[in-house]
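Just so it is clear, none of the values below were taken in a lab; they were calculated from the coordinates. Everything numeric in this text was worked out from a predicted model, so none of it was measured. All Cβ positions, even for glycine, are placed from backbone atoms using ideal geometry, and neighbour counts span all protein chains on display.
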Amino acid sequence: MINEKIRKQSPSMDEWLKEAKKDPSALQVGMFLAHNGVVRQTPKAKVRQGVDDGSQVKGMEFSYDAAKVDEAIAATHRMDGIFYVRVWLNEGQLELGDDIMYVLIGGDIRPHVVDALQSLVEKIKSECVNEIEQKS
């Protein structure tokens, strides 16, 4: 039998927000911002670099380095005005439309929260994960 990880059950953003608002840090938070990355049909190279080889994504093998993710989360917590950070990453063989990641950031003002979300997602995508697109 192939040693293949089964994709995880996606979390509930409603539940995450309820939990976040009960966190002791919630009294300092004026905004929560969420990100939900999903497996798309259009290849990354086409979307990001405009390279169109005519292929389409039919699935993705996804894995991550948990220690690097923890470091990225800790760095985000140290950003100005950020009081709450939560991350969930899927793993294994993912299909089109499957959730890749959820990120929830809570902070004092919109510019701090937007910057933190953008920074954390970029760091996760560029330094912490391995995505192998399967194309048709």
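Any of Lys44/Lys135; Lys22/Lys68; Lys68/Lys125 with alpha carbons more than 22 Å apart? Name them for me.
Details: Lys44/Lys135 11 Å; Lys22/Lys68 27 Å; Lys68/Lys125 11 Å.
Among Lys44/Lys135; Lys22/Lys68; Lys68/Lys125, the Cα-Cα distance tops 22 Å for Lys22/Lys68.
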Select from Asp53, Asp23, Asp80 the residue whose mean-square fluctuation is largest in a Gaussian network model of the chain (Cα-Cα springs shorter than 10 Å).
Asp53
Amide H of Leu94 versus every other amide H placed in the peptide plane: which residues, excluding those fewer than 5 positions away on the same chain, fall under 5 Å?
Met60, Glu61, Phe62
For a footprinting-style exposure proxy, rank His77, His112 by other Cβ within 10 Å, fewest first.
His77, His112
Per-residue HN-Hα couplings for the range 89-103 [Karplus 6.51, -1.76, 1.60; θ = phi - 60°; Hz; x = Gly/Pro]:
10, 6, 6, x, 7, 10, 10, 3, x, 5, 6, 9, 7, 10, 9
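Take Met101, Met31 and order them by how many other Cβ atoms sit within 10 Å, fewest up front. Could the numbers behind the result be given before it?
On the way: Met101 21, Met31 15.
With the sparsest Cβ surroundings first, the list reads Met31, Met101.
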Using a 10 Å cut-off around each Cβ, can you sort Arg7, Arg48 from fewest to most neighbouring Cβ atoms?
Arg48, Arg7
For a quick check: with amide H placed at 1.01 Å from N, whose amide H comes under 5 Å from Lys135's, ignoring anything fewer than 5 positions away on the same chain?
Lys58
Which option, (1) 48, 43, 25; (2) 42, 34, 27; (3) 49, 37, 26, is the value of Cα extents along the principal axes in Å that was calculated from these coordinates?
(3)
How much mean residue ellipticity at 222 nm does the chain get from its helices, if each DSSP H run of length 4 or more adds -39500 (n - 2.57) and you divide by all residues, to the nearest 500 deg cm²/dmol?
-9000 deg cm²/dmol
